[in-house]
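Undergrad: Below you will find the structure I want to go over with you.
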Amino acid sequence: MIKKLRANWLSIALAVVVLISFILSAIIWTNPFQYDHPRRENGTGASQQQTTQSIGDVYLPTTIVKTNGDNNQQLLYSQRKNLIYHAKKAMTGWQLGGTSTVKTNNSDVYLSYLRHRNSLMLSYPDDISGTVFNETFKQSIDTNRVKKINHIVIPLNGTKAIYLLSDSHYAIYRVRITKGSPESMVTSKRGVKPISVDHRIVNGHAVMIYLHSFTLPRLAYQISDQKINNLSANLMSTNQHTNTTTHQDGNRTVYTDGTNRHLVYDATRGTVDYENDVGRSDVVETSQIYSHFYRALVKTGMPLNNIRFDEVSNGGRTITYRSYVEGFPIINDNNYGGAKLRANQRGTEHYLLSLYTVQVPLPLDGSTVKLPSTASVLNQLHENGHFKNVTNLRVGYEWKSDSENHQTVKIEPTYFVKYRGRWINYTALLK
């Protein structure tokens, strides 16, 4: 027996190596990126990639601010836990009752509610409808009364009510809590980084400003590259028997179905420009735009686990979605990680999409970027004469493409300003 083992030791060793290799491969494929990374709870891990997000996940608030008894406000930011998710989970267990109007058309009163003492405030980046609020938090508030919402103010002093705030007409609505406790919203401070902020009303909108300089981490993500063949098939398919034709135009591929669908894929930028003439008889109602475009996003097949509602414009008929990381939007010229969908009253729907979205977080060296206070940024814009054309301001992450590696992306935090209707890195105006 021993002689046989000695004679065949090489074969046996090889078999053992192969067996170990299979075991290790299985572990890696079933548990990818199992380093101790703080963002796994943020819903961005590999296990989340194929999860179809609900409409309530796509239309979640994106920031959470705590106001203390002395009116000091802090943006709650965490790489370890998804604070918005925990807030949503708590609120879906409540039962909300009657709704009443507190005040409208008074900016001073409105600002006082934005700074409501001993409260948490969940904010959206732009208007969402009362219907979307109900869908997100499993509630049934009066949508005839509450048509738009920008902020959800949750008092933590025992008040059995929440306040819904709309920047439009500075409307404040009080909604009774008939079941549930706002105190359940208080989360552990462990892993939460507070950033000093305040709110101002600028050009009719509530703007969050950062009172002091602060730091945010540089981040890196693995990119999901959706296949154009799959995306084009999802968008061009119909119940009718039509044939899709394609032709090349330089770096662009043009798809048409001979009737009402037209798609242009730009291989250089990885973007898709899609147009569909649905006809006047099938024009979607403006009140249904949010849910209609959510279904359109699902149909594209693009991963939605990091996609969030970001802006609504054009009279409520255009919605922009962006990838969000750690509660901050990713912004870039090519709309990587996002989508912009428009439906006009003439029956034409127009989608601008990116094939690239961020998916799996990757470890970095822990480097950070120090950002100045908002006042410092505005002063610099004043000095350069650009402030008069700035209508909004926010902190986000800029997508920085790596020409040598198209599978990963490094993103850096910075201020973005809305300059002549377009979000750009504020430093571009200082050159």
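Undergrad: Which condition breaks for Thr286 when tested against (1) free of Cβ contacts under 8 Å to residues at least 40 places away in the same chain; (2) over 18 Å from Glu135 (Cα atoms); (3) surrounded by fewer than 19 Cβ atoms within 10 Å (Cβ to Cβ)?
TA: The failed condition is (2).
For every residue, the table says whether it meets (1) touching a strand residue (DSSP E or B) at 6+ places or on another chain (Cβ under 8 Å); (2) hydrophobic (A, V, I, L, M, F, W, C); (3) touching a residue at least 24 places away in the same chain (Cβ under 8 Å); (4) on the phi < 0 side of the Ramachandran plot.
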| residue | (1), (2), (3), (4) |
| --- | --- |
| Thr300 | yes, no, yes, yes |
| Asp310 | yes, no, yes, yes |
| Glu326 | yes, no, yes, no |
| Pro329 | yes, no, yes, yes |
| Gly337 | yes, no, yes, no |
| Ala343 | yes, yes, yes, yes |
| Val358 | yes, yes, yes, yes |
| Ser367 | yes, no, yes, yes |
| Leu371 | yes, yes, yes, yes |
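Undergrad: Let me spell it out: the conditions are (1) part of a helix (DSSP H, G or I); (2) open to solvent by 20 Å² or more (accessible area, probe 1.4 Å); (3) under 29 Å from Tyr419 (Cα atoms), and Arg342 meets all of them except one. Which number is the exception?
TA: Of everything listed in (1) part of a helix (DSSP H, G or I); (2) open to solvent by 20 Å² or more (accessible area, probe 1.4 Å); (3) under 29 Å from Tyr419 (Cα atoms), Arg342 misses just condition (1).
Undergrad: Also, I was wondering about something else. Looking only at strands (runs of 3 or more DSSP E) that fall completely inside region 358-431, which ones have 1 or more residues that are open to solvent by 40 Å² or more (accessible area, probe 1.4 Å), more than 19 Å from His212 (Cβ to Cβ) and among the charged types (D, E, K, R)?
TA: Output list reads 390-400, 408-419, 422-425.
Undergrad: Being open to solvent by 40 Å² or more (accessible area, probe 1.4 Å) and within 30 Å of Ser367 (Cα to Cα) is the filter; apply it to region 67-117 and report the residue that is nearest to the chain's Cα centre (by Cα).
TA: Step by step, filter region 67-117, then rank; the result is Tyr85.
Undergrad: Here is a follow-up. Does region 329-348 hold any residues that are under 12 Å from the mean Cα position of the chain (by Cα), more than 19 Å from Thr427 (Cα to Cα) and either assigned by TED's automatic domain parsing to the domain that holds Trp399 or of a type in the set (A, V, I, L, M, F, W, C) (or both), and which are they?
TA: Residue satisfying the conditions is Ala339 alone.
The values are calculated or read from the model by the stated rules, or taken from the named source; none is laboratory data. Because the structure is a prediction, the values reported are computed rather than measured. So basically every Cβ, Gly included, is an ideal-geometry build from the backbone, and we count neighbours across all protein chains shown. Keep in mind that these areas ignore ligands, DNA and RNA; they rest on the heavy atoms of the full protein, side chains included. Shrake-Rupley method; radii C 1.70, N 1.55, O 1.52, S 1.80 Å.
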